[in-house]
Amino acid sequence: MANKVDLREGGINARAVVDSQEGLNLAQQLGLEYFETSAMTGRDVDGPFNYMASQFHMNYESTVRRANALN
């Protein structure tokens, strides 16, 4: 997840160290999801949490199905 994407704004004064494509490429290489957020502006801060909740829920449902299949 890339936080502080607000630091990319400002043209020549931007302070971002990693650009979007570089972050996305690394996430893809590692088999991870990629999110860009800004806590300062509130931009897209729900995305990573919603993704994790969805993944936990899918894992839970899968576990319940496997347990029910054993009975």
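Nothing in this text is a laboratory measurement; each read-out follows from the coordinates by a stated rule. All values reported here derive from a predicted model rather than from experimental measurement. FYI the Cβ positions are ideal-geometry reconstructions off the backbone, even for glycines, and counts take in every protein chain you see.
Here are a few things to note about the model shown:
- Matching label, volume of the Cα convex hull per residue in Å³ computed from the structure shown, candidates (i) 108; (ii) 78; (iii) 87: (ii)
- When shorter helices are ignored and each DSSP H run of at least 4 residues is given -39500 (n - 2.57), the per-residue value for the chain at 222 nm works out to -17000 deg cm²/dmol.
- Amide H partners (placed H, <5 Å) of R43, local residues excluded: S38
- Degrees, to the nearest 10: 20-30 long Cα axis against longest axis of the chain: 30 degrees
- Across the chain, the relative contact order, built from alpha-carbon pairs under 8 Å that are at least six residues apart, equals 31 percent.
- Simple spin-label estimate for A53 and M40 gives 2.7 nm between the two label positions (7 Å along the Cα-to-Cβ direction from each Cα).
- Compared with the dominant principal axis of the Cα atoms in the chain, helix 46-70 is inclined by about 10°.
- For the stretch 12-71, the residue among M58, L70, G31 whose Cα projects farthest onto the positive side of the dipole built from Cβ charges is L70.
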